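Nothing in this text is a laboratory measurement; each read-out follows from the coordinates by a stated rule. Remember, it's a predicted structure, so these values are computed and weren't measured experimentally. Heads up, the Cβs are rebuilt from the backbone with ideal geometry, glycines too, and the neighbour counts pull from every protein chain shown.
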Amino acid sequence: MSQRTKVAIVGASGYTGLELLRLIFCHPNAEVTAITSRSNAQKAFTEVFPRFKDHPGTDICFIEPNMEVVASTGAEVAFLALPHGKAAPYAKELLELGVKVIDLSADFRLDDPLVYEEFYNEVHPAPELLKEAVFGLPELYDEEIRRSRLIAAPGCYPTSIMLPLIPLLKTQLIEHSSIHVSSMSGVSGAGRNASLPLIFAEVNESVRSYGLPKHRHLSEIEQELSKAASQKVIISFVPHLIPVTAGICTTIFAELVGEIQQVKTVLEETYGGHPFVRLRGEGVSPDTKHVTGTNYLDIGWHHDSRTGRLILQSAEDNLGKGAAGQAVQCFNILSGNPQTDGLLNL
């Protein structure tokens with residue numbers, strides 16, 4: 001049996017951190033040596049989250065987010081499950097201490113610090129690290145992830161949009177200037193902090209859009225779509241909040257340039273060898289109930305012959321393939337494990 005990789009999770013008390021811990025505690029090749037939380041420091045992990053009581057490896061306490069202490073536990077890889085702006089200083093310190101970093105915030109997803117400042121209204125806290133950070137989309141950047149010490153896991157909405165679109169932009173099957181996107185997300189995507197617009201009575205029996213007209217995730221979406229198209233891509237994006245805990249359903253409209261049969265061919269050629277992208281096929285609308293609790297992203301498509309548009313659809317778990325699951329997929333690549341390790345529990 002190979003030696004397990006020692007792992008730390010910084011910011012382990014939010015929904016994403018909790019999902020990370022669920023996956024890592026069940027991972028055959030990972031060992032949790034440190035979990036940090038300011039609000040829960042010194043408390044036993046199973047006192048805060050009793051569902052994990054008596055599970056192997058969970059006899060551990062939260063500690064303050066001191067990166068020297070984290071590194072001293074022997075951690076080789078640290079997941080940062082923190083808000084944007086908070087992760088970068090910790091990442092910088094961990095890298096200096098010889099710990100590899102998988103960041104789930106937006107701090108290292110963008111190539112240009114000025115774009116970060118434009119969309120996040122803050123000066124980037126560690127611009128010198130942007131050039132070496134790898135965008136953590138395994139289906140596109142497998143080899144880069146394998147060689148990296150700093151991986152930026154993509155956001156949940158971007159993953160649901162980029163995976164269906166990028167192969168079609170690369171092969172020029174759609175008109176890049178015609179892309180419009182509507183997405184719906186469960187409430188856990190907004191985080192675990194108390195907020196009046198997110199309490200049950202406000203969300204239940206209601207659907208509303210938010211983040212218009214310039215949602216922060218547009219920055220990384222347009223960056224990666226532009227790379228695929230080899231020219232600047234600007235899209236319209238309207239996210240919606242729906243009264244479910246988890247899951248994202250995305251619908252993409254674009255003018256079809258090629259033939260509808262080519263869509264299937266290109267998507268199959270792109271994702272045929274990738275375990276977590278499932279092609280549901282033409283005429284199928286993916287359903288979030290089939291992906292929540294998993295690391296799968298399902299893709300379906302329709303051809304609107306009246307308008308000449310392609311309608312692409314995807315479904316994923318915003319805490320799974322949209323966050324923690326994808327980060328663990330990156331961890332597997334980085335650690336030399338099969339991509340599916342710890343991620344096939346349905």
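Would you mind giving the average projected area, over all directions, of the Cα convex hull of segment 232-331 in nm² with one decimal? Walk me through the intermediate numbers first.
Numbers: hull surface 30.9 nm².
Average of the hull's projected areas for segment 232-331 equals 7.7 nm².
Can you list the residues, at least 5 places off or on another chain, whose amide H is less than 5 Å from the amide H of A30, using H built in the peptide plane?
T5
Note down, for segment 42-83, the three equivalent ellipsoid semi-axes (square root of 5 times each alpha carbon gyration tensor eigenvalue), biggest first, whole angstrom.
Numbers: eigenvalues 84, 29, 23 Å².
Sorted largest first and rounded, they come to 21, 12, 11 Å.
For segment 2-47, what is the relative contact order in percent, using Cα pairs closer than 8 Å and at least 6 residues apart in sequence? Could the numbers behind the result be given before it?
Values: 51 pairs, mean separation 20.8, N = 46.
Once divided by the residue count of segment 2-47, the mean separation gives 45 percent.
Check which residues have an amide H placed less than 5 Å from R278's amide H, if you skip close sequence neighbours.
Placed amide hydrogens put L297, D298, I299 under 5 Å from R278.
For an R0 of 30 angstrom, estimate the FRET efficiency from the Cβ-Cβ distance between E132 and S72 and round to the nearest 0.05. The partial results should precede the final answer.
Numbers: r = 25 Å, r/R0 = 0.82.
It comes out at approximately 0.75.
Counting each DSSP H run of 4 or more residues in the chain as -39500 (n - 2.57), what helix-only mean residue ellipticity at 222 nm follows after dividing by all residues, to the nearest 500 deg cm²/dmol?
Theoretical 222 nm ellipticity from helices: -8500 deg cm²/dmol.
Please give the Cα centre distance for segment 156-235 versus segment 274-293, rounded to the nearest Å.
So the separation of the two Cα centres works out to 17 Å.
So if we plug the beta-carbon distance of E269 and H240 into 1/(1 + (r/R0)^6) with R0 = 35 Å, what FRET efficiency do we get, rounded to 0.05?
Efficiency computed from Cβ-Cβ geometry: 0.65.
Explain nothing, just the number: relative contact order of segment 5-132, from Cα pairs under 8 Å at least 6 residues apart, as a whole percent.
Value for segment 5-132: 23 percent.
Please list log₁₀ I(q)/I(0) at q = 0.19 Å⁻¹ for segment 50-109, using the Debye equation with identical point scatterers on the alpha-carbon positions.
Here the Debye-derived log intensity ratios amount to -0.75.
Ranked from highest to lowest mean number of other Cβ atoms within 10 Å per residue, what is the order of the peptides 250-263, 163-176? Walk me through the intermediate numbers first.
Details: 250-263: 18.1, 163-176: 21.2.
Top to bottom by mean Cβ count within 10 Å: 163-176, 250-263.
Relative contact order, percent, of the chain when contacts are C-alpha pairs under 8 Å separated by at least 6 residues? Spell out each step's value before the answer.
Working: 762 pairs, mean separation 59.6, N = 346.
Relative contact order, the chain: 17 percent.
List residues of segment 81-105, by number, whose backbone nitrogen lies under 20 Å from a label position 7 Å along Cα→C-beta of R38.
81-94, 103-105
My understanding is that a pair violates if its Cα-Cα distance is over 29 Å; which of K170/K321; K6/K92; K227/K289; K264/K289; K100/K170 do that in this structure? Write down the numbers at each step before the final one.
Details: K170/K321 22 Å; K6/K92 19 Å; K227/K289 32 Å; K264/K289 23 Å; K100/K170 31 Å.
In this structure, K227/K289; K100/K170 exceed 29 Å between Cα atoms.
Could you run the Karplus curve 6.51 cos²θ - 1.76 cosθ + 1.60 with θ = phi - 60° over segment 176-185 and give me ³J(HN,Hα) per residue in whole Hz, x for Gly and Pro?
5, 7, 9, 7, 10, 10, 10, 10, 10, 10
Using alpha carbons only, how many degrees (0 to 90, rounded to 10) separate the axis of helix 15-25 from the longest principal axis of the chain?
The angle comes out at about 70 degrees.
Quick one: work out the % antiparallel among DSSP beta bridges in segment 156-317, nearest 5.
Values: 25 of 36 bridges.
DSSP beta bridges in segment 156-317 are roughly 70 percent antiparallel.
Given labels modelled 7 Å from the Cα in the Cβ direction, how far is it in nm from C61 to K86?
According to this spin-label approximation, the distance is 2.2 nm.
Given N residues in segment 5-132, what is Rg(Cα) / (2.2 N^0.38 Å)? All intermediate terms of the calculation are to be shown ahead of the outcome.
Numbers: Rg = 15.0 Å, N = 128, 2.2 N^0.38 = 13.9 Å.
Normalised by 2.2 N^0.38 Å, the Cα Rg of segment 5-132 equals 1.08.
Which three lengths, in whole Å and largest first, does segment 153-200 cover when its Cα atoms are put on their principal axes?
Computed over segment 153-200, the largest-to-smallest principal extents equal 44, 23, 12 Å.
On each of the three principal axes of the Cα atoms of segment 143-294, give max minus min coordinate, whole Å, ordered largest first.
Sorted from largest, the Cα extents of segment 143-294 read 46, 40, 30 Å.
For the chain, take every pair of Cα atoms, bin their distances at 20 Å starting from 0, and report each bin as a whole percent.
Once binned at 20 Å, the Cα pair distances of the chain give 31, 59, 10, 0.
Counting only residues 5 or more places away or on other chains, whose amide H sits under 5 Å from the amide H of H84 once H atoms are built in the peptide plane?
Residues meeting the amide H criterion: A106.
Just to be sure I understand the model, the point goes 7 Å from the Cα along the line to the Cβ. What's the resulting E259 to S230 distance in nm?
Result: 2.3 nm between the two label points.
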